[in-house]
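Enquirer: Have a look at this one.
The values are calculated or read from the model by the stated rules, or taken from the named source; none is laboratory data. Just so you know, these numbers come straight off a predicted model, no measurement behind them. Using ideal geometry, Cβ is built from the backbone for each residue, glycine included, and neighbour counts are taken over all protein chains shown.
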Amino acid sequence: MTTLLIPKFERKPVILRQFPDKRNFSKVSQDDFDLVLPVKDKNGWGHVNRLDAALSVFAPDGELLRQMRWPAKSYVRNMARIFRGFMGHPTTLRTQAGVDQVTPLSIADGNGQLPTLALPPFGGSGKQFGSGAIFIVGDGVALEDHLRDNLVAPALTPVDARQGVRTTVQSTVTMTLQCDAAISNGLSGSVNVTEIALFFNGIDNSSQSNSPGFYFLLAYDGVASTPVAAGGSVAPRYILDFPV
Amino acid sequence: MKHELNQEAFAQTEGGLFVPRGTLSVHAQKRPPRKVIGTPATMTAAQIRSVQRHMKRQDIITQANKRLRGGIYARWALELRDDKGRPVPIGKDKRGRDIWIKRGPCHSFVQNYAIMVRGFLQHLDTALQAHEQITEDDGTFHLIRDKSINTGNNLYATGPGVMKFGAGLGARDATDIDLQGAIMSGLEGITTFNLVQEVAASSIYEFEGQVQNTTGGLFTIEEMGLFGQITSNLGIFDVTTLLASDLTGSTAVADTLTVLGRYTFTFAV
């Protein structure tokens, strides 16, 4: 009896990376995907940090289907205002709705407060996204705009997942933070993800613990259309590197 | 056959040369007199500020819009002033011309800065009540960003940032907490803020700080640093926290002169 050997079909994930100053994505190995690239100055200007964005797509059974990584270039207005808030300059942030919101960042000694949200712990209420920074992905398309306040078309939010910030490198030459979340597609159909955004929760200057809070955009990136099947999940990530 | 010059087709320069009309060389063309408003020693303070603002703003905007794409960039600048606030040359270039400003790329943001960003982005967990820890310029550890959000002690950056200047020459290290050779016992110059622009392509702003030499003698600057003034979770104010430091090259500062440092940030899409 002849035994027919049928090769087992293994679907390998597609791993893509866009390198600095290149327009197209290249297929790379997992090692090259995680590779830390040297940071370059720009014509007499030094880098404050390197910001990379990454997107991973998983099938409903948890199998990694696709990974993409590219140099992010989208710190928007609010992030610039917060950075200057570190230096003691009063800061007004723009909310997701495009409204100027006075925050108690950096006022008189003893009164300066980070915009932190006094809400129940994450998961305690189905109505809240949670505190700290959150990711939202969307399926809208638009030019990258430093003055953006929101995604073009928000689609999926991490209602049931916590955003995590991890320190992946801390040395005498650099410190690297990794900020990511896993977002499930609970809709009945596939979603084509074309934009990712990092938001933060804030409180107004009333400084009350029961303040309703607001969301404001920190970083935004457009991405080539990436389908996420119903039941699948997508994991956006921002990598912040602060090399000397 | 006598050949005569076509007077309509040619023009004569001041030096007597005949050239086709519309093609006068630069050397032959008479330039309009250059408008001179005086040297810094004779200019009024208002004229000086006007020229500096115009040159600085245009230079920043032009460079940022043309060359910077994506991310955050920064650079430092150094200038000297006399006791009347007038610019003083820092040195001479190769041709013997006065240098009025020194600039360089800034990329020496140290761990304190990254820790502040991390503390800002961290997901809050009231059960953990964890704190971020930064290091003051004297080596003292301070806890910041109380994550127990209902205690009323959620304190972070307060007070204006400061700038310091030093004489240290060592390479920068991400774990630095102060300048390597702070001058005048670490005298701090309170920074002022200037928003250059905030448009669809970028946000550009500056922090300036200055220190006057009152030592009675000359000192030489080799480094400058930008510090935040943080409040700890115990309510300790003005914790001077190094955020960035840079080697500037040697700059001699004579007695009574004021050294002015500036950090310019660009956030570009």
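Enquirer: What number of residues in region A:68-99 are in contact with a Pro (Cβ under 6 Å, 6 or more places away or on another chain) and closer than 23 Å to B:V269 by Cα? So that I can check it myself, show each step before the final result.
Expert: If we filter region A:68-99 for residues that are in contact with a Pro (Cβ under 6 Å, 6 or more places away or on another chain), which is where we start, we get A:71, A:88.
Right, trim to closer than 23 Å to B:V269 by Cα and you get A:71.
Of the residues in that region, 1 qualify.
Enquirer: Here are some residues: B:G209, B:G186. Which one is modelled with pLDDT under 85 and either crowded, with 18+ Cβ neighbours inside 10 Å or more than 8 Å from every other protein chain (Cβ to nearest Cβ) (or both)? Explain how you work it out, then say what you get.
Expert: On the way: B:G209 fails: modelled with pLDDT under 85.
Residue meeting the stated conditions: B:G186.
Enquirer: List, please: which pairs have Cβ atoms under 7 Å, are six or more places apart or on different chains, and start with a residue in region A:26-53 that is farther than 14 Å from A:T174 by Cα and end with one that is hydroxyl-bearing (S, T, Y)?
Expert: From region A:26-53, the pairs are A:K42/B:Y73; A:W45/B:Y73; A:W45/B:T266; A:G46/B:Y73; A:A53/A:Y238.
Enquirer: Next question, about the same structure. Taking the condition of a type in the set (K, R) and in contact with a Ser or Thr (Cβ under 7 Å, 6 or more places away or on another chain), does B:R103 pass?
Expert: On the way: of a type in the set (K, R): yes; in contact with a Ser or Thr (Cβ under 7 Å, 6 or more places away or on another chain): no.
So B:R103 fails the test.
Enquirer: Under 6 Å between Cβ atoms, which residue pairs at least 6 apart in sequence (or on different chains) link something in region B:199-219 that is more than 30 Å from A:D149 (Cα to Cα) with a partner that is part of a loop (DSSP other than H, G, I, E, B) and hydrophobic (A, V, I, L, M, F, W, C)?
Expert: Short answer, once both residue conditions are applied: B:V211/B:L187; B:N213/B:L257; B:L218/B:A254; B:F219/B:I183.
Enquirer: Only one of (1) touching a residue at least 40 places away in the same chain (Cβ under 8 Å); (2) within 24 Å of A:G232 (Cβ to Cβ) fails for A:Y75. Which number is that?
Expert: (2)
Enquirer: How many of the residues making up region B:80-95 are in contact with a strand residue (DSSP E or B) (Cβ under 6 Å, 6 or more places away or on another chain) and either within 27 Å of A:K42 (Cα to Cα) or assigned to a loop (DSSP other than H, G, I, E, B) (or both)?
Expert: The number of residues fulfilling the criteria is 6.
Enquirer: Okay, moving on. Applying the selection to region A:223-244, what residues are part of a strand (DSSP E or B), within 30 Å of A:D41 (Cβ to Cβ) and of a type outside the set (G, A, S)? Give the derivation first.
Expert: Step one: filter region A:223-244 for residues part of a strand (DSSP E or B), giving A:223-228, A:233-241.
Then keep just the ones that are within 30 Å of A:D41 (Cβ to Cβ); that gives A:223-224, A:236-241.
A:V223, A:P236, A:R237, A:Y238, A:I239, A:L240, A:D241 - these are the residues of region A:223-244 that are part of a strand (DSSP E or B), within 30 Å of A:D41 (Cβ to Cβ) and of a type outside the set (G, A, S).
Enquirer: Return yes when B:Q197 is farther than 26 Å from A:D241 by Cβ, more than 8 Å from chain A (Cβ to nearest Cβ) and out of contact with any Cys (no Cβ under 8 Å at 6 or more places or on another chain) and no when it is not. Full working, then the answer.
Expert: Numbers: farther than 26 Å from A:D241 by Cβ: yes; more than 8 Å from chain A (Cβ to nearest Cβ): yes; out of contact with any Cys (no Cβ under 8 Å at 6 or more places or on another chain): yes.
Criteria met by B:Q197.
Enquirer: Output yes when any residue across region B:248-259 is within 30 Å of A:V173 (Cβ to Cβ) and surrounded by fewer than 18 Cβ atoms within 10 Å (Cβ to Cβ), and no when none is.
Expert: Going through region B:248-259, the residues within 30 Å of A:V173 (Cβ to Cβ) turn out to be B:248-251, B:259.
Pick out the ones that are also surrounded by fewer than 18 Cβ atoms within 10 Å (Cβ to Cβ) and you get B:249-250.
Yes; the residues of region B:248-259 include at least one that is within 30 Å of A:V173 (Cβ to Cβ) and surrounded by fewer than 18 Cβ atoms within 10 Å (Cβ to Cβ).
Enquirer: Which members of region A:126-151 meet the condition of being modelled with pLDDT under 80 and of a type outside the set (A, V, I, L, M, F, W, C)?
Expert: A:G126, A:K127, A:Q128, A:G130, A:S131, A:G132, A:E144
Enquirer: Same structure, new question: Answer yes or no as to whether B:Q229 is within 17 Å of the chain's Cα centre (by Cα) and within 13 Å of chain A (Cβ to nearest Cβ). Reasoning before the result, please.
Expert: Numbers: within 17 Å of the chain's Cα centre (by Cα): no; within 13 Å of chain A (Cβ to nearest Cβ): yes.
Considered against the rule, which asks whether it is within 17 Å of the chain's Cα centre (by Cα) and within 13 Å of chain A (Cβ to nearest Cβ), B:Q229 comes out as no.
Enquirer: Restricting to region A:32-68, name every residue that is within 14 Å of chain B (Cβ to nearest Cβ) and more than 19 Å from B:A114 (Cβ to Cβ).
Expert: Once the filter is applied, which keeps residues that are within 14 Å of chain B (Cβ to nearest Cβ) and more than 19 Å from B:A114 (Cβ to Cβ), region A:32-68 yields A:K40, A:K42, A:N43, A:G44, A:W45.
Enquirer: If you scan region B:234-261, which residues turn out to be away from chain A (no Cβ under 11 Å), in contact with a Ser or Thr (Cβ under 9 Å, 6 or more places away or on another chain) and not β-branched (V, I, T)?
Expert: B:L242, B:L247, B:S250, B:A252, B:D255, B:G261
Enquirer: What's the number of the only condition in (1) more than 8 Å from chain B (Cβ to nearest Cβ); (2) modelled with pLDDT of 80 or more that A:G123 fails to meet?
Expert: (2)
Enquirer: Check A:P154 against each of (1) surrounded by 23 or more Cβ atoms within 10 Å (Cβ to Cβ); (2) over 23 Å from B:G71 (Cβ atoms); (3) at pLDDT 80 or above; (4) not hydroxyl-bearing (S, T, Y) and name the one condition it does not meet.
Expert: (1)
Enquirer: Residues in region B:96-116 that are more than 7 Å from every other protein chain (Cβ to nearest Cβ), over 20 Å from A:Q178 (Cβ atoms) and in contact with a strand residue (DSSP E or B) (Cβ under 7 Å, 6 or more places away or on another chain): how many?
Expert: 6
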